[in-house]
Amino acid sequence: MDIRGRETLESTTRFDPSEVEGRIFAEWLEAGYFHPVAEGTPEENFSVAIPPPNVTGALHMGHALNGSMQDALVRMNRMRGRNALWVLGTDHAGIATQSVVEKTLRAEGVDRHELGREAFVERVWEWKEEYGSRIVEQYKRLGASCDYERERFTLDDGYVKAVYRVFKQLHDKGYIYRDNYMVNWDPGSHSAISDLEVENREVEDTLYSIDYPVEGSDRVLTVATVRPETMLADTAVAVGPGDERYADLVGQHCVLPLVGRRLPIVADEHVDPEFGTGALKITPGHDPNDFEIGRKHGLEEIGVIGPDGRLTEEAGERFAGLTAAEAQEAVVAALREEGVLRAEEPYTHSVPFSHRSGERIEPLISLQWFCRMDELAAPAIEAVESDRVRIAPAQWKRVYLEWMREIRPWCISRQLWWGHRIPVWYCDPCGETFVTEDPADAPERCGSCGGEVRQEEDVLDTWFSSAIWPFATLGWPDDTPELRAFYPTSFLTTAREILFLWVARMIMTGLEFAGDVPFRDVYVHSVIQARDGRRMSKSLGTGIDPLEEIDVHGADALRFGLLAMSSTQDVRFSDAKVQQGRDLSNKLWNASRLILLNAKTGADGPQSHRIGGFEAHRPEDRWILSRMERVIESVTGRLDAYDFAHAATEAYAFFWSELCDWYLEIAKPRLYEGEPEVSANLLWLLERTLALLHPLMPFVTEEIWSYHPSSQGHLAVHRFPVADESLFDAEAEAEVERGIELTRRLRTWRDMVEVPAKSQLSGRADGEQPHEFVGRLARFDFTEDGGDPIAAVGPVKVLASAEIDAAAVAARLEKRRHELRAEVARAEGKLANERFVAKAPPELVDEEKSKLERFRAELEELAE
């Protein structure tokens, strides 16, 4: 360490993330550590494709958690010497990006239709160039070691080529087709949208019961609906196949009120006889379930609500042109006039809304492009069943397989201008259709009739292009070095809500086009909730900005906190965990200062401080070396198993408690005296600790490493520690841990009887004499002389002295015994309560049992 480095360590008592993070990240980028050479095989290398954030997006807590997990694995494998690639890129995010730019245009008083398609798309590209790199820069703030030189975008030229190749080949196989089918229609964006962009909200509606007269009789079938305006499109009434109340009516007809249309009465197992009257109005044009029933029974599909959310001419002159809400009022009024409105009652139910526009979703039958999924799904099911793709936690494997076995056609077209325009051309005069994977090859005129051709106006669903992300980002369909070296990728971590929309589709396309699964492991990470347990949302005011957390606590603190709190599938954001990460950064900094400023190296100590350069003779040295290696083994195993929470907390516990609170305190006199062995030991321990923690907390560990006498190059490419089992020493661990436990008990006893902190007490040990550090750290002088004991703490008899008021000690001990008896009685009573044991969460019951054991043990000790 040079003089400037020593001066910096001596003067800086707290780690300052704001001074360090930008400087160190620039060093990593300049060194090119994140840009691996495309060589070797996927089995030798390690690669991850980042779930591409929307180009409109800003870093949110889900990105921060996902990024921290990916970066931990990428950094660890890079330090293991593997060629580690973290593919970076952004998604063009069709609806989201178009909405942002349309909002900007509206503020200027311009409508996109006034601009025209070409000019509007140009404006979107301008917006992307100005704002599209924001989230990439924010990933750098997190410390993400992505390959920023290979950044991809789902609308860059090479990616578009891959998207159109996939479309053309699926179309040629007959998997892609055009049809009228039920879609989620968003009246706000005037487009079909995916299930991911639909959010269900609890809504209080009115449930209307309406009498439908049975043709040729006095009977009526009473149906219930919350949307009476859609009855104008009814084409049947369905009853349960085994419902005896209506068995004689199946095959007959009833009459649709207000309209007079004859409706067949059909039997269908979809009907729940216990719900309402057991009779269900069937509206194939405006309800997904009714649509399926209608197709099964060959029913007419009538649409009375248009793409603008207003009723069409099909609804009749009386209702045409009304909004859905206006039409509902008008239909209810008309039903009252006709005398067929039997009942009205409040009804709370879940209703789909567009996440983008906020409008209520209208299920509509629309002419769209679809992809048949059955043939693609079969190999993707087998890949997960056989664990070629491993999904963890295990529950998500079951969910994936259940969904895949019931997969339905995928609507892949969107009524937008921003995105991959569908590569289909039509000849209107003769009806010919042309598909090409290169728009430059599209014909100007029809080859059959010579008529002019026009391109499809719709674009592809954003998820269509995202589905090929793992291999398209590596250069497919070309045979690139990157594709050969890094596909299949090694790992994917993702949110559970896109398991079907993205993960399943990547597996299907990877097998179909790239010839192998896209990744070996899928880890479905935790959902980070707001502090109060609600979902994080700007609109709800429950969002927590990760960049603000980084500004206050530093990136390492946020990364550690998120990993430490990610132990279950739903976790509340914990400020305490982030603060724990900040505290750990400072503890690392100050403990390292103590070691680096006092350890003797070079001429003043051993020439080599690495293991093998010294002999560890003392039990405390053998103990800490053994514990270090066991923690390396455990933390590494946790990371390899994607158990990030326990990896973080175990590393924290070792460094904070065993290394700092105990070993450093035990070894300080030897360190200050300049003993070479302890200097070498501490420098070696520090090196391994920094390397072990670097994937979790890269900035503070890299900064400390720069002052270490062994520092040659960056820690980012330092060898990741591998546990040395030859240093495991159960005997030393047992011996030193007995001493630590005795020290704890003596300190606890001193606090309990309120002995002044600086007072030195006397004690006599029965049997084996305590280790030297016990007396020093507990402030006890051990003697073999006689004397009157006033208390027993384990094997130690505390002797009377002027420092202790024996009567006061006895009183305090009795008070503590009384408190413990009460606690034991309380815990025993709670655990004897069968309702508590049966209904309380298992972890709460276990915690109560653990408390009871501790109380009983302490009471037994005090009784002695």
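The values are calculated or read from the model by the stated rules, or taken from the named source; none is laboratory data. Note that this is a predicted model, so its numbers are computed, not measured. Here Cβ is always computed from backbone atoms with ideal geometry, including for glycine, and neighbour counts include all displayed protein chains. Each accessible area value is taken on the protein alone, full model and side chains, heavy atoms only, with ligands, DNA and RNA left out. Shrake-Rupley method; radii C 1.70, N 1.55, O 1.52, S 1.80 Å.
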**Complete:** In whole Hz, the Karplus estimates of ³J(HN,Hα) for the range 210-224 (6.51, -1.76, 1.60; θ = phi - 60°; x where Gly or Pro) are 10, 8, 9, x, 7, 4, x, 8, 8, 7, 10, 9, 9, 10, 10
**Complete:** Along the range 696-709, Karplus-curve 3J(HN,Hα) (6.51, -1.76, 1.60; θ = phi - 60°) to the nearest Hz, with x for Gly and Pro, reads 8, 9, x, 6, 5, 5, 5, 5, 5, 4, 5, 9, 6, x
**For the range 664-822, size of Cβ-based charge dipole, Lys and Arg +1, Asp and Glu -1, in debye** = 760
**Complete:** Only helices counted: for the chain, with every DSSP H run of 4 or more residues adding -39500 (n - 2.57) and the sum spread over all residues, [θ] at 222 nm is -13000 deg cm²/dmol
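In debye, nearest 20, what is the charge dipole magnitude of the chain about its Cα centre with +1 on Lys and Arg Cβ and -1 on Asp and Glu Cβ, if you could check? Kindly include the intermediate steps, with their values, before the conclusion.
On the way: 98 positive and 151 negative charges, 325 e Å.
Computed charge dipole of the chain: roughly 1560 debye.
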**Prompt:** In whole Hz, what ³J(HN,Hα) sequence does the range 364-378 give by Karplus (6.51, -1.76, 1.60; θ = phi - 60°), x for Gly and Pro?
**Reply:** 10, 8, 9, 6, 9, 8, 10, 10, 6, 9, 4, 5, 6, 6, 4
**Centroid-to-centroid separation of the range 119-145 and the range 228-275 [C-alpha atoms, Å]** = 54
**Prompt:** Please state the Cα pair-distance histogram of the chain with 20 angstrom bins from zero: what percent is in each bin?
**Reply:** 12, 34, 30, 17, 7, 0
**Asked** Amide H of THR493: which non-local residues (sequence gap of 5 or more, or other chain) have their own amide H closer than 5 Å, using H built in the peptide plane?
**Response** TYR523
**Whole-Å semi-axes of the range 165-302's equivalent ellipsoid (Cα gyration tensor)** = 32, 19, 14
**Message:** Whole angstrom only: what separates the Cα centroid of the range 1-74 from the Cα centroid of the range 704-745?
**Reply:** 24
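Check each of the trypsin sites (Lys or Arg not before Pro) in the range 461-548 and keep only those in coil by DSSP with at most 10 other C-beta atoms within 10 angstrom; list them in order. All intermediate terms of the calculation are to be shown ahead of the outcome.
Values: sites: ARG484, ARG496, ARG505, ARG520, ARG531, ARG534, ARG535, LYS538; in loops: ARG531, ARG534, ARG535, LYS538.
Answer in residue order: LYS538.
Of LYS830/LYS851; LYS577/LYS830; LYS815/LYS851; LYS668/LYS758; LYS103/LYS128, which ones are farther than 21 Å apart at the Cα?
Numbers: LYS830/LYS851 11 Å; LYS577/LYS830 30 Å; LYS815/LYS851 19 Å; LYS668/LYS758 19 Å; LYS103/LYS128 15 Å.
Where the Cα-Cα span goes over 21 Å, the pairs concerned are LYS577/LYS830.
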**Fill in**
In the chain the DSSP beta bridges are antiparallel at a rate, in percent to nearest 5, of 70
**Message:** Can you compute the FRET efficiency between GLU633 and ASN598 using 1/(1 + (r/R0)^6), with r the Cβ-Cβ distance and R0 = 30 Å? Round to the nearest 0.05.
**Reply:** 0.55
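Whole number in Å², please: accessible area per residue of the range 225-279, 1.4 Å probe, ligands, DNA and RNA not counted. Don't skip to the answer; put the middle values down first.
Numbers: 2230 Å² over 55 residues.
The answer is 41 Å² per residue.
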**Request:** Quick one: net charge around VAL223, please, counting Lys, Arg +1 and Asp, Glu -1 for every other residue with C-beta under 11 Å from its C-beta.
**Result:** 0
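Please work out the average accessible area per residue across the range 607-716, using the 1.4 Å probe convention, and give it in Å². Intermediate values should be presented prior to the final figure.
Details: 3370 Å² over 110 residues.
Averaged over the residues of the range 607-716, the accessible area is 31 Å².
When a/c is below 1.5 the answer is rounded, else prolate if a/b is larger than b/c, else oblate, so apply that to the range 306-460 with a ≥ b ≥ c taken from the square roots of the Cα gyration tensor eigenvalues. Please list the in-between numbers first.
Numbers: a/c = 2.88, a/b = 1.19, b/c = 2.42.
Note, shape of the range 306-460 comes out oblate.
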**Fill in**
Loop-resident chymotrypsin sites (Phe, Trp or Tyr not before Pro) in the range 225-319 with no more than 14 other Cβ atoms inside 10 Å, DSSP not H/G/I/E/B, are PHE275
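Suppose every K and R has +1 on its Cβ and every D and E has -1 on its Cβ; what is the size of the dipole of the range 523-575 about the Cα centre, in Debye to the nearest 20?
Roughly 280 debye, rounded to the nearest 20.
For the range 1-150, state the average projected area of the convex hull of the C-alpha atoms over all orientations, rounded to one decimal in nm². Before the final figure, lay out each step's value.
On the way: hull surface 53.0 nm².
Computing the convex hull of the Cα atoms and averaging its projections yields 13.2 nm².
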**Asked** Ignoring ligands, DNA and RNA, what percent of the accessible area of the chain is carbon or sulfur (1.4 Å)?
**Response** 47
**Message:** Give me the three principal axis extents of the range 283-337 from the C-alpha atoms, as integers in angstrom, largest value leading.
**Reply:** 33, 26, 17
**Fill in**
Amide H contacts under 5 Å for ASN184, restricted to residues at least 5 apart in sequence or on another chain and with H modeled in the peptide plane, are ILE193
**Prompt:** If the cut-off is 28 Å between C-alpha atoms, which lysines fall inside it for LYS296, apart from same-chain ones fewer than 8 positions away?
**Reply:** LYS173, LYS281
**DSSP-defined beta bridges in the range 426-524 - what % are antiparallel, rounded to 5** = 40
**Request:** Give me the percent of DSSP beta bridges within the range 726-810 that run antiparallel, rounded to the nearest 5.
**Result:** 70
